[in-house]
Amino acid sequence: MSLIKSISGIRGTIGGKIGQNLTPIDAVKFACSYASWLKNKSKKKKLRIVIGRDGRISGKMIQNLVQNSIISLGIDVIDLGLSTTPTVEIMVKNLEADGGIVITASHNPSDWNALKLLNKKGEFISDEDGKKVIDISLNYQFEFSKINDLGQIIEEPNSMIKHIDSVLKLEVINADTIRNTNLSVVVDGINSSGGIIIPLLLDKLNVKYQKIFCEPNGDFQHDPEPLGKNITELTKKVVQEKADLGIAVDPDVDRLVFVCDNGKVFGEENTLVACADYILSKKLGPTVSNMSSSRALKDITESYGQKFYSSAVGEVNVVREMKLRDAVIGGEGNGGVIYPKNHYGRDAVVGICIFLSLICERKIKVSDYLETLPKYHMVKDKINLSNDIDISEILKKLSNEYKNEKQNDIDGLKINFDEKWIHLRKSNTEPILRVYSEAKSMKDATELVKEIKIKIKSINS
């Protein structure tokens, strides 16, 4: 497995050979490259970097390697310990640090880990800056500090509580109504940091809850991607406990999916749609999601008389488009909600608070609310890639096959039909070609994926 270097960070599997996996040598090299890049662009005498990790088994090891590498370059580290991606992002901004690193492979399996790299705003570094970091790593352009100039590690306690408090202070969050509604919830924390921060949040909102998989030991009890097929224990528990809803997050708590009171999965694509419905009811303005997200957000946005815009896949691309359009909310259909009044990053904590505000204000069951949303069916498939596959040539030939349909090639290839679409793009986080389709019926969405996969096989044979 090759290391994957993209706008989503430096990630790979633990163990193996240097340069092919995320080994200790690779962790040190890229930590030093990032720290050196920060030093090169800053005129400050002393820099500070915020670092936190999710609950993965390899998390402490990688964090120790990264932090000790950074202090060797004369930079102070603010250590959040067990944390979440949005917590690190918020703390970079609140502490006025110079950057941040999140030790997490997000939705990837437990044998993966990664370094997510942040700028001084607590946002992912740009593709251009990411390439500079990689260039530095190629030539080991590091200059280490002498003994009296070494950095230090400073522990920052209670960062999750500070994160929660910052969300609850948002004007749009109706915390009092949530507290007075007497909700009951089941939480699936995938045995990572979500098992800590979500119960802490619910305690502050006086929400009763039951926990499953909330021990942050990195022992993922199911595929960590928050999709309906992966959270069957949660759906059963919601029905068994007669709860109002279920909440599931990914290991670093930047993605979110709900389960209805009747045990039906609300759907990760609908997470952003529902949150946008609530925000637009409070403040009108544009919305943004990526090209692989549901058309339902466009429908909801236009129902309020507002404009919808799409971006290339990747949080940094969504954020760029949100800033350009001054969007009131945005995110990705994978369950990622970005509310700029909080910060420009996907955040399950803010997503939960917005969603609970919605159902409590409107006094509606989650299952009943789901029925009010635009009806689409999405298929998310993938094709494993081998080194000899020329993706650009395949997409070029596919584009020609469908030359009479509307197309967008800013991120792979998206083909838009009147009542359905399909999007093909190389993943930023895995060696696969993602194939997403959406239509008014599951049959049409499924058949479109099958049709495209047959054509790809024919092209590649």
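Quick notes
- Residue 181 meets the conditions (1) closer than 28 Å to residue 104 by Cα; (2) crowded, with 16+ Cβ neighbours inside 10 Å; (3) hydroxyl-bearing (Ser, Thr, Tyr) in every case but one. The failed one is (1).
- Any chance residue 62 is closer than 20 Å to residue 148 by Cα and crowded, with 21+ Cβ neighbours inside 10 Å: no
- Being within 21 Å of the chain's Cα centre (by Cα), in the same structural domain as residue 178 (by TED's automatic domain parsing), at pLDDT 95 or above and among the β-branched types (Val, Ile, Thr) is a condition met by at least one residue of the stretch 262-270.
- Among the candidates 79, 26, 135, the residue that is without any contact (Cβ under 8 Å) to a residue 24 or more places away in the chain and either surrounded by fewer than 18 Cβ atoms within 10 Å (Cβ to Cβ) or not in a helix (DSSP H, G or I) (or both) is uniquely 135.
- Residues of the stretch 306-313 include none that is touching a residue at least 40 places away in the same chain (Cβ under 8 Å), part of a loop (DSSP other than H, G, I, E, B) and of a type in the set (Lys, Arg).
- Selected residue (criterion: farthest from residue 350 (Cα to Cα)) from residues of the stretch 89-115 that are charged (D, E, K, R) and surrounded by fewer than 24 Cβ atoms within 10 Å (Cβ to Cβ): 111
- Hey, residue 379 in contact (Cβ under 8 Å) with a residue 60 or more places away in the chain, of a type in the set (A, V, I, L, M) and within 14 Å of residue 256 (Cβ to Cβ) or not: no
- Among residues of the stretch 295-331 being surrounded by fewer than 24 Cβ atoms within 10 Å (Cβ to Cβ) and closer than 20 Å to residue 379 by Cα, the one that is farthest from the chain's Cα centre (by Cα) is 299.
- Qualifying residue in the stretch 399-407 (condition: of a type outside the set (Phe, Trp, Tyr), crowded, with 18+ Cβ neighbours inside 10 Å and either over 24 Å from the mean Cα position of the chain (by Cα) or outside the structural domain of residue 267 (by TED's automatic domain parsing) (or both)): no
- Filter pass, residue 31 being hydrophobic (A, V, I, L, M, F, W, C), in contact (Cβ under 8 Å) with a residue 40 or more places away in the chain, touching a helix residue (DSSP H, G or I) at 6+ places or on another chain (Cβ under 8 Å) and assigned to a loop (DSSP other than H, G, I, E, B): no
- Yes/no for residue 235 being free of Cβ contacts under 8 Å to residues at least 60 places away in the same chain, polar (S, T, N, Q) and assigned to a helix (DSSP H, G or I): yes
- Test: residue in the stretch 142-150 that is buried (at least 16 other Cβ atoms within 10 Å of the Cβ) and modelled with pLDDT of 95 or more: no
- If you filter the stretch 203-232 down to residues that are out of contact with any Gly (no Cβ under 9 Å at 6 or more places or on another chain), without any contact (Cβ under 8 Å) to a residue 60 or more places away in the chain and part of a loop (DSSP other than H, G, I, E, B), you find that the one that is nearest to residue 161 (Cα to Cα) is 206.
The values are calculated or read from the model by the stated rules, or taken from the named source; none is laboratory data. Nothing here was measured: the structure is a model prediction, and the numbers come from that model. Note that we place each Cβ from the backbone using ideal geometry, even for glycine, and neighbour counts take in every protein chain shown.
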